[in-house]
Amino acid sequence: MKLTSFLERSRTVAGPGFSRWMVPPAALCVHLCIGQAYAYSVFNLPMTRLIGINESAPDDWKLTQLGWIFSLAIFFLGVSSAVFGRWVEEGGPRKAMFTAACCWAGGFFISAIGVSIHQLWLLYLGYGVLGGIALGIGYISPVSTLIKWFPDRPGMATGMAIMGFGGGAFIASPLSVWLMGKFTTSTHIGVMETFVVLGVVYFIFMIVGSIIVRVPPPDWKPEGYVAPVQATKMITRNNVYVYDALKTPQFWLIWVVLCVNTTAGIGVLGQASAMSQEMFPGRITPIAAAGLVGLMSLFNMGGRFAWASVSDFIGRKNTYFVFMVLGLLLYCAIPHTGSVGSITLFVACFCIIISMYGGGFSTVPAYLRDMFGTQYVGAIHGMLLTAWSAAGIFGPVMVNYIRAYNIAHDVPKAQAYNTTMYIMAGLFVLGFICNLLVKAVHSRYHMKSENEMSAMAGKTVGNAAGA
């Protein structure tokens with residue numbers, strides 16, 4: 001059997017008796033692996049001592065240089081999901097998952113070479129560019145398939161898979177630290193070997209997912225499923241072509257909503273440890289701050305499943321209304337938690353915010369499905385993830401630079417984040433307005449039915465013959 005034929009979409013059509021509940025585990029095989037991106041920071045400090053071993057040497061890499069690796073990966077996640085979205089949709093999930101596995105493992109192997117010969121540009125190329133492409137393709141690869149298998153619970157289905165991306169760090173972080181400990185000696189830090197092992201392990205698991213995954217037969221529906229009546233006009237039975245979706249106001253309104261939600265979440269996700277210690281000096285230790293980050297990761301993971309499942313009952317638009325209103329209130333409350341010295345309230349605010357950050361990612365595929373139909377939802381989702389790339393710049397820059405500005409102007413560290421929190425709250429007002437403006441897609445953007453398309457094609461041929 002040729003590999004190319006095995007990867008074709010036609011070879012992944014499910015046969016009689018196939019259980020749709022096999023598809024979420026297949027998706028998790030990919031998302032749990034690429035979710036390692038959230039744990040990449042565990043390599044940063046060790047890579048600043050590759051030469052000096054016990055402490056950084058003059059020729060060792062700086063943290064500022066290493067920080068670009070993750071930024072490049074997130075940037076290429078958004079770019080690749082947009083560029084390859086249509087290819088993923090039309091080529092099928094198996095081909096996309098296999099490609100993501102090759103790129104993800106290849107990124108680790110190239111990075112291992114970079115560490116071995118101490119060439120930082122190879123890490124930029126390996127994990128940053130090639131790994132970022134793997135993130136984008138792997139992230140969107142199962143989305144459309146899951147929505148087609150679960151038309152009755154699209155939010156829950158995508159939440160199960162995307163939950164894996166948020167939870168991948170729980171496996172990757174301790175595993176990476178353990179592997180580095182095994183390979184590290186008194187004269188060598190075992191980052192290179194760890195990259196190689198992770199590349200091999202992730203490749204195997206992602207290939208397993210690509211083998212398991214199936215697409216439903218044409219016009220398949222779950223037993224007893226009845227399509228919802230369009231009483232609210234917010235769940236379409238029609239499809240919108242991927243590039244026509246870009247012409248609709250709905251796409252860009254949802255883009256802004258996702259960007260706002262992601263900017264707010266990712267801004268505090270990367271600074272939670274430092275922020276908690278500076279807002280509660282002497283009360284939150286570095287160890288306690290690390291525990292907070294771990295707790296937030298749990299809420300990030302759980303929120304992806306919980307909020308997406310809730311959206312199946314209250315609707316996607318209403319779910320984002322909850323995000324925007326709660327986000328506004330919680331970001332306004334965070335400075336107050338510092339002023340009254342309530343660590344419990346501070347932690348509660350952050351955990352709920354991060355749950356909505358994860359929930360925003362898992363709910364948006366179903367939101368797009370409601371607006372644009374199922375046929376090209378994977379490709380449209382890929383285009384929308386450019387909002388993630390933008391948020392990956394806006395959020396951290398906003399938090400870091402405003403904090404630095406405040407400290408430079410003699411604002412106490414415990415209050416240096418207050419301005420940022422109020423700006424974030426203001427962003428949620430913008431998100432609320434954009435979500436409010438989302439209406440059903442106008443019928444002029446709907447794809448024609450097959451009969452209409454055939455008739456139009458016949459008319460075109462007739463006109464050409466007459467001419």
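No value in this document is a laboratory result; all are computed from the given coordinates. Since the structure is predicted, the reported quantities are computational estimates derived from the model, not experimental observations. As a convention, Cβ positions derive from the backbone with ideal geometry for all residues, glycine included, and neighbour counts pool all protein chains shown.
Sorted fewest first by neighbouring Cβ atoms within 10 angstrom, THR99, THR184, THR285, THR263 come out as THR285, THR184, THR99, THR263.
For the chain, what does the helix formula give at 222 nm: sum of -39500 (n - 2.57) over DSSP H segments with n ≥ 4, over the residue count, nearest 500 deg cm²/dmol?
-23500 deg cm²/dmol
Positive-end ranking of VAL88, THR374, TYR401 along the dipole of the chain, with charges on Cβ about the Cα centre, is headed by THR374. Would you indicate which of [x] 2.70; [y] 1.28; [z] 1.03 is the value of Cα Rg over 2.2 N^0.38 Å derived from the coordinates of this structure? Among [x] 2.70; [y] 1.28; [z] 1.03, the one derived from this structure is [z].
By the count of neighbouring beta-carbon atoms within 10 Å, fewest first, VAL256, VAL177, VAL143 end up ordered VAL177, VAL256, VAL143.
In the chain, Cα pairs under 8 Å separated by at least six residues give a relative contact order of 24 percent. The residues GLU278, GLU55, GLU223, GLU90, when put in order of fewest to most other Cβ atoms within 10 Å, stand as GLU223, GLU55, GLU90, GLU278.
By definition, a body whose alpha carbon gyration tensor gives a ≥ b ≥ c is prolate when a/c is 1.5 or more and a/b is larger than b/c, and the range 1-138 fits this prolate description. Dividing the mean sequence gap of close Cα pairs (under 8 Å, 6+ apart) by how many residues the range 242-445 holds gives a relative contact order of 42 percent. Please label the shape of the range 59-115 as rounded, prolate or oblate, based on the square roots a ≥ b ≥ c of the eigenvalues of the alpha-carbon gyration tensor (a/c under 1.5 means rounded; beyond that, a/b larger than b/c means prolate, else oblate). Verdict is oblate for the range 59-115.
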